[in-house]
Amino acid sequence: MTKYRIFTAYSNSGISSIQRLLKLSLYPIRFIKIYTKEARNVLDVGCGEGLLGNLICEISDAKLTGIDTDDKKISIANKSRVSKNANFEKRNFFELTDLHKYDFIIINDFMHHHTFENQRKILQKLSKEIHPNAKILIKEVGKLNSVDHLLTRYADRILYPNDTLNFRSSKGWIEVFSEFGFLLIAELKVKSIWPACRNIYVVKLG
Ligand SMILES: C[S@@+](CC[C@H](N)C(=O)[O-])C[C@H]1O[C@@H](n2cnc3c(N)ncnc32)[C@H](O)[C@@H]1O
């Protein structure tokens, strides 16, 4: 029902029904609920049109900040807002100076759109600037020729033709998290009928 409310909130957003269905089916909302229950400030990095951010406002009382560098997406996110707790801003992750104020940070389908060097810069910035008790949820796809990986790469090439895509294996992600001092506290694969980007890692500073 909650997902249905978000699905309809975006009826006139220009995002097709199929895209909305696909995106919403890949958010493990019951799992996210566990982490947002205690959270006061949640950050969604590279929030796109804000579907996940809006969904979080439906299941928690936390204040949600979604940031993205894309003007048009931020405008759609704000027009489709379902709660006064949601706020979407045009900001660049690399320029954020207030990471310490968030107790839960979501990085959904974001990392593989950055070069390997920038992926490391993202993790370095997080490791230095987040609150020591903050938790980070990262959704990625494992490499190693899985159907999930092949389909994500195919879809991303069409949807984001200007991005260079840089995937790691699941083991590779866990290794690079650990290199920057992050402990893996949970890992799961979203159940979905669509093969897609759906490996979830929750990490915190060790
Ligand atoms: C693949 S999309 C994921 C969108 C969203 N998380 C979702 O699941 O619908 C990646 C998003 O990251 C945004 N982005 C890329 N680099 C960014 C940066 N440095 N700071 C903030 N947003 C960025 C892009 O504009 C794009 O909307």
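Please give the length that would be gained between F94 and H131 if that part of the chain were fully extended, namely 0.36 nm times their separation in residues minus their C-alpha to C-alpha distance (nm, one decimal).
Net length gain for the segment: 11.7 nm.
Here the extension length gained between L22 and N41 equals 4.2 nm, from 0.36 nm per residue of separation less the Cα-Cα distance. Descending by average beta-carbon neighbour count within 10 Å, the peptides 99-108, 172-181 line up as 99-108, 172-181, the highest first. GNM remark for the chain: springs join alpha carbons under 10 Å apart, and the peak mean-square fluctuation among N162, N92, N118 falls on N162. Direction-averaged projected area, Cα convex hull, the chain: 10.4 nm², rounded to one decimal.
Using R₀ = 30 Å, calculate the FRET efficiency as 1/(1 + (r/R₀)^6) where r is the Cβ-Cβ separation of S178 and T115; round to 0.05.
For R0 = 30 Å, the calculated efficiency reads 0.90.
What is the distance in Å between the Cα centres of region 101-154 and region 32-73? Distance between centres, Cα-based: 15 Å. Footprinting exposure proxy ranking of I136, I193, I59, fewest other C-beta atoms within 10 angstrom first, gives I193, I59, I136. Normalising the average separation of contacting C-alpha pairs (under 8 angstrom, six or more residues apart) by the number of residues puts the relative contact order of region 1-156 at 20 percent. As a calculated quantity, the FRET efficiency between N162 and N12 at R0 = 41 Å, using C-beta atoms, amounts to about 0.95.
I'd like the FRET efficiency for Q124 and D70, computed as 1/(1 + (r/R0)^6) with the beta carbon distance as r and R0 of 41 Å, rounded to 0.05. It comes out at approximately 0.95.
No value in this document is a laboratory result; all are computed from the given coordinates. A quick note: this is a predicted structure, and the numbers were derived from the prediction, not measured. As a convention, Cβ positions derive from the backbone with ideal geometry for all residues, glycine included, and neighbour counts pool all protein chains shown.
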